[in-house]
1. What pairs come up if the first residue lies in the range 104-129 and is without any contact (Cβ under 8 Å) to a residue 24 or more places away in the chain and farther than 18 Å from residue 76 by Cα, the second is open to solvent by 80 Å² or more (accessible area, probe 1.4 Å) and of a type in the set (D, E, K, R), and their beta carbons are under 7 Å apart, counting only those six or more places apart or on different chains?
2. I'm trying to understand the selection: among the residues of the range 489-513, which are closer than 24 Å to residue 270 by Cα, open to solvent by 60 Å² or more (accessible area, probe 1.4 Å) and touching a residue at least 24 places away in the same chain (Cβ under 8 Å)?
3. Of all the residues that make up the range 325-360, how many are charged (D, E, K, R), part of a loop (DSSP other than H, G, I, E, B) and modelled with pLDDT of 90 or more?
4. Quick check on residue 13: is it in contact with a Phe, Trp or Tyr (Cβ under 8 Å, 6 or more places away or on another chain) and at pLDDT below 65?
5. Out of the residues in the range 423-458 meeting the condition of being surrounded by fewer than 16 Cβ atoms within 10 Å (Cβ to Cβ) and of a type in the set (Asp, Glu), tell me which one is nearest to residue 318 (Cα to Cα).
6. Report whether or not residue 316 is open to solvent by 20 Å² or more (accessible area, probe 1.4 Å) and either more than 16 Å from the chain's Cα centre (by Cα) or more than 20 Å from residue 216 (Cβ to Cβ) (or both).
7. Which one is farthest from residue 200 (Cα to Cα), of the residues in the range 46-72 that are surrounded by 15 or more Cβ atoms within 10 Å (Cβ to Cβ) and touching a Lys or Arg at 6+ places or on another chain (Cβ under 8 Å)?
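The values are calculated or read from the model by the stated rules, or taken from the named source; none is laboratory data. For clarity, every value in this text was computed on a predicted model and none was experimentally measured. With ideal geometry, Cβ positions are generated from the backbone for all residues, glycine too; neighbour counts draw on all protein chains shown. These accessible areas exclude ligands, DNA and RNA; they are computed on the full protein's heavy atoms, side chains included. Shrake-Rupley method; radii C 1.70, N 1.55, O 1.52, S 1.80 Å.
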Amino acid sequence: MREIVTLQLGNLANYVGTHFWNTQEEYFIYGSDPEGKASAVELDHDILYRAGLTPTGTETYTPRVLIYDLKGGFGSLQKYNQLFTADVNDTVDWDQGVNKVVSDQYPKNAYQQQLERMEVDPNAEMVQLDDRSVKTWSDFNRIYYHPRSMNQVTTHNMDDSIMPYNTYPVGRQSYSDYERETESFEDNFRRFVEECDNLQGFQVFAGIDDAFSGFTEGLLHDVRDEFAKTPILCYGLQSTSMPAQERAKQRVVLNRSLSMTRILDLCTTYVPLYTPSPAHIRKSKLFPYIHPNCNSLYHTSAILSAAIETVSLAYRVKSNLMTIGDLCYKMNGQGTTRLSGISASLPLPFLKDGFDATHNLFKNSIAPAIELSKLVLDKSSSNVFAEDVIVRGLPRASVHAHDKGLYEYTRSLYHKFSHTEPRFIDNIPYPLPNSYPQFFTPKCDINGFLSKEQTTETLNSVPILSRMYTGPELCPEIDNLVKQVESAPFRQMSDYSEGKYGLAYADYLELKEGLMHLSDAYSEDTELMLE
């Protein structure tokens with residue numbers, strides 16, 4: 001096996017992760033295959049999942065993931081569930097009486113209640129998930145996790161205005177305090193890693209707008225101490241919706257900047273990703289086919305998750321011996337380009353009439369894809385250092401004999417990837433569980449193909465194109481961050497200089513220098529030198 005351990009850190013990361021794991025469940029085949037999922041056997045599920053036994057001897061198959069969030073961040077999701085129960089024998093004799101304190105439990109929405117009823121009665125009808133009922137990521141979760149996967153950071157509470165969890169140094173301190181209290185790294189992380197026969201690397205979803213940025217650095221320092229050369233692919237997840245208060249915006253900027261320098265140094269590849277805004281959707285030319293609510297993390301995290309999940313197919317398909325390390329080293333072939341980006345087409349436009357008809361419809365489009373690693377959407381370079389493109393869910397055979405082939409079609413629409421040949425994974429479209437937001441318009445049919453007729457059917461799957469790349473088109477993003485850091489009044493931001501992990505002004509200057517050095521590595525001039 002070629003196992004991967006996944007780490008999820010923070011609220012946004014757990015939104016993305018919940019969509020990711022719900023999608024994995026759609027690949028599993030239980031009994032017969034009435035929904036035609038047989039093609040999913042092409043995926044090696046053991047890469048992301050672990051087999052085990054409960055104390056009662058029941059076989060289990062659960063994600064190999066460690067989930068971190070604050071107190072109050074897990075919603076209705078409990079550490080123990082129907083697969084794994086708590087040890088009821090942990091009792092203490094006490095002769096002074098007992099005062100029982102019970103905290104209010106987070107209420108389960110109608111979707112979660114119906115999932116519980118279906119455990120008892122598999123024939124019960126599934127209810128449609130109401131977007132308005134999703135207040136946190138556990139509200140649309142469909143997965144049973146191992147108790148060791150659940151790691152509640154007890155140092156802070158969600159939405160605590162007295163002790164806000166909002167700066168990089170606070171996150172570093174909270175990781176140190178959390179490990180001292182729980183030894184989670186020794187007990188949970190190490191157990192999962194030691195189960196692996198042939199660990200190929202770590203996949204990290206990290207929310208970096210708040211103190212989980214510093215928490216992530218602390219955790220990855222421990223990982224690197226134990227696994228100095230094991231590949232780490234880290235997604236730095238960020239929200240395009242910035243706080244209204246200016247000082248709060250400046251904190252987010254510093255957290256992102258510190259992540260792009262310090263966390264990047266601990267990773268093999270670091271990919272900054274932003275929740276898509278209305279501008280991202282309009283710029284992508286995909287607005288006729290998707291209408292996501294960009295103010296909803298439930299919607300925007302679903303798009304990020306679909307892109308990440310599609311990228312991951314490169315090292316999860318049984319017929320492909322590529323590893324997560326191979327993908328990272330492809331992006332960082334020169335040894336100086338650890339920073340990468342991702343764009344994705346959701347859905348990948350395809351008319352049922354065939355490739356020719358689709359090409360004629362979109363021949364004037366530059367690239368109908370959502371740029372998920374960019375806030376600066378008006379500036380772009382067509383040059384790249386490296387890229388990896390995956391096309392999934394389109395018919396490999398031509399619909400009509402005179403049609404252009406799939407390769408020519410994608411090349412003509414997505415001319416940017418002139419340095420690589422796309423991987424075509426035609427048998428595995430992106431599955432849409434009933435927990436996935438239905439923001440697709442009636443112009444998409446049940447398979448996510450574009451239809452000339454309006455349809456009211458709920459989509460089962462969609463074709464997707466994902467593009468992971470590195471090169472000069474990332475330079476405007478770095479330069480924009482440099483400007484924001486330079487305008488931050490660091491000397492007045494005392495919350496960044498407090499405590500054991502506080503930053504001195506010299507650290508601030510080093511941060512700016514590190515970002516400018518990173519920008520130089522991605523400039524057009526650098527590409528000329530590489531050639």
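1. So the pair list comes out as 124/117.
2. Scanning the range 489-513 gives no hits.
3. 1
4. Details: in contact with a Phe, Trp or Tyr (Cβ under 8 Å, 6 or more places away or on another chain): yes; at pLDDT below 65: no.
Here the answer is no, as residue 13 does not meet what is asked.
5. That would be 426.
6. no
7. 62
For every residue, the table says whether it meets (1) of a type in the set (S, T, N, Q); (2) out of contact with any strand residue (DSSP E or B) (no Cβ under 9 Å at 6 or more places or on another chain); (3) open to solvent by 20 Å² or more (accessible area, probe 1.4 Å); (4) touching a residue at least 60 places away in the same chain (Cβ under 8 Å).
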| residue | (1), (2), (3), (4) |
| --- | --- |
| 237 | no, no, no, yes |
| 241 | yes, yes, yes, no |
| 244 | no, yes, yes, no |
| 253 | no, yes, no, yes |
| 261 | yes, yes, yes, yes |
| 276 | no, no, no, yes |
| 283 | no, no, yes, yes |
| 289 | no, no, yes, yes |
| 303 | no, no, no, yes |
